[in-house]
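Student: Take this structure first; my questions come after.
The values are calculated or read from the model by the stated rules, or taken from the named source; none is laboratory data. If you're wondering where the values come from, they're calculated on a predicted model, not measured in any experiment. No Cβ is skipped: glycine too gets one built from the backbone with ideal geometry, and neighbour counts run over all protein chains shown. Ligands, DNA and RNA are excluded from the accessible area calculation, which covers all protein heavy atoms including side chains. Shrake-Rupley method; radii C 1.70, N 1.55, O 1.52, S 1.80 Å.
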Amino acid sequence: EINPGEVVDKNNLDKKYAYGLDTYLGGEQQAGKLHLNYGFRLSSFHRIGDQEIPLYENDAPLLYDQHLGIYQPQTPIDYKHVDKNETIAQFSNFEPRLSLAYKMRYSTVKAGYNRMVQYLHLASNTNAPTPFDMWIPSGPYFEPMTSEQVSMGYFKNSKNNVFEWSLEGFYKKINNMVDYINGAHLLVHNTIETDMLTGDARAYGLECFLRKNTGLFTGWISYTLSRTERKIEGLTQEDPGINNGDYYPSSYDRPHDLSLTGIYNLSSKWTFSSNFVYQAGKPTSYMRGYYFYDGW
């Protein structure tokens, strides 16, 4: 049961209902220095009724007005009532996962691949004076979000495990990501599909780690260089989508993440430690202009 929220002195938002069924099979194998871990997941999502489903002309809840240069939310032409035991939409997906590690005397090489599906979309409005998040289940106007990720890393112990360090890179591709259009009606309502566009996203980066395990002074340093971006193209070739259909930073984009931890063991009773964390700022959008109306 998904309850998007309640609005004071107005009609409550429609609750949404769904159930999921998942089957998973996994295994591990060891072949000499090679360790293999694999899994296969079959997931399904069933959106069920007890809800009024809005219907739009040509199944288009959103259209682009070329003359005004803006997206125009469409008004439903009718509503279809779906009973509680009826199915509104159903989806099934195959989600394989694979990871392997090749262990040598003092080092390990790791690689992995996984495909994941998420049937609940998170619509975040982080730039408004009163930010809020809304969960949207997959259904008639929203396909499930899918992602594929690959990673590879090198891990090593040095000087009889006095030091350990690692270097790992990753790349993740996401499909069917939702985001608000420019000028969206940010107050919650029952036709959220009229304020949303669907597109892709990607995340990639490099993670570095160094740790000292023994001695009076121990600690570690970790640094991640990464990007998280979205690409929301238009409904047709004539409309621009978001940011003219080019990649733009998502709200989770933090290119730099640095952590330092130092520990000094003075005696069995006294230990001193210090921490330092640096993170790049979150992306945001600022107004590009303003105008006066009636003296204001």
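Student: A 31 angstrom limit on the alpha carbon distance is what I want to check against. Which of K110/K159; K16/K173; K173/K212 exceed it? Each step should come with its number before you reach the end.
Tutor: On the way: K110/K159 21 Å; K16/K173 28 Å; K173/K212 34 Å.
Among K110/K159; K16/K173; K173/K212, the Cα-Cα distance tops 31 Å for K173/K212.
Student: Can you list residues from other chains, or at least 5 along the same chain, whose modelled amide H is less than 5 Å from the amide H of E143?
Tutor: Correct list: empty.
Student: What size of dipole, in debye to the nearest 20, comes out for segment 19-162 about its Cα centre when the only charges are +1 on Lys and Arg C-beta atoms and -1 on Asp and Glu C-beta atoms?
Tutor: For segment 19-162, the charge dipole is close to 1640 debye.
Student: Moving on. Using only the Cα atoms, work out Rg/Rh for segment 22-176, with Rh taken as the Kirkwood radius, to two decimals.
Tutor: Looking at segment 22-176, the ratio lands at 1.16.
Student: Lys and Arg at +1, Asp and Glu at -1: add these up for the other residues within a Cβ distance under 9 Å of A123 and post the number.
Tutor: -3
Student: Which order do the peptides 248-255, 158-165, 268-275 take when ranked by the mean count of other beta-carbon atoms within 10 Å per residue, highest first?
Tutor: The most tightly packed comes first, giving 248-255, 158-165, 268-275.
Student: Tally Lys and Arg at +1 and Asp and Glu at -1 over the other residues with C-beta under 14 Å from the C-beta of I70: what net charge comes out?
Tutor: Taking every other residue near I70 into account, the sum is -4.
Student: Something else now. Count charges around G199 for me, please; just the other residues with Cβ under 14 Å from its Cβ, Lys/Arg as +1, Asp/Glu as -1.
Tutor: Working: positive: K173, R202, R230, K231; negative: E143, D179, D200, E229, E233, D239, D246.
Here the count lands on -3.
Student: What ratio of Cα Rg to 2.2 N^0.38 Å holds for segment 118-217?
Tutor: That ratio works out to 1.66.
Student: So, one more: Can you tell me which lysines have their Cα less than 17 Å from the Cα of K282? Leave out same-chain residues fewer than eight positions away.
Tutor: Excluding near neighbours in sequence, the set is empty.
Student: Would you mind computing, in nm to one decimal, how far apart the modelled labels at L225 and S251 are, each placed 7 Å from Cα along Cα→Cβ?
Tutor: Those two pseudo-labels are separated by 2.9 nm.
Student: Just one of [x] 57, 42, 37; [y] 72, 58, 43; [z] 50, 44, 29 is Cα extents along the principal axes in Å as worked out from the coordinates here. Which one is it?
Tutor: The value computed from this structure is option [y].
Student: Treat every Asp and Glu Cβ in the chain as -1 and every Lys and Arg Cβ as +1, leave all other atoms uncharged, and give the resulting dipole magnitude about the Cα centre to the nearest 20 debye.
Tutor: I would put it at about 2480 debye.
Student: Counting only heavy atoms of the protein chains, get the accessible area per residue of the chain (1.4 Å probe) and round it to a whole Å² value.
Tutor: On a per-residue basis, 66 Å².
Student: For segment 52-132, what does the relative contact order come out to in percent, with C-alpha contacts under 8 Å and a separation of six or more?
Tutor: 19
Student: May I ask you to evaluate 6.51 cos²θ - 1.76 cosθ + 1.60, the Karplus curve with θ = phi - 60°, for each residue of segment 138-145 and list the ³J(HN,Hα) values in order in whole Hz, giving x for glycine and proline?
Tutor: 4, x, x, 10, 9, 6, x, 8
Student: Now, a different point. Sequence neighbours fewer than 8 away in the same chain don't count; with that in mind, list the lysines whose C-alpha is under 17 Å from K103.
Tutor: Within the straight-line limit of under 17 Å, K103 reaches these lysines: K33, K156.
Student: Could you list the square roots of 5 times each eigenvalue of the Cα gyration tensor of segment 1-105, that is, the equivalent ellipsoid semi-axes, sorted largest first and rounded to whole Å? Please report the intermediate quantities before stating the final value.
Tutor: Numbers: eigenvalues 403, 89, 41 Å².
The equivalent ellipsoid of segment 1-105 has semi-axes of 45, 21, 14 Å.
Student: Going by a ≥ b ≥ c, the root eigenvalues of the Cα gyration tensor, does segment 201-296 fall in the rounded group (a/c under 1.5), the prolate group (a/b larger than b/c) or the oblate group?
Tutor: Details: a/c = 7.45, a/b = 2.30, b/c = 3.24.
Judged from the Cα gyration tensor, segment 201-296 comes out oblate (a/c at least 1.5, b/c at or above a/b).
Student: At Y171 and N157, where each label point lies 7 Å from the Cα along Cα→Cβ, what is the point-to-point distance in nanometres?
Tutor: Going from the Y171 label point to the N157 one covers 3.3 nm.
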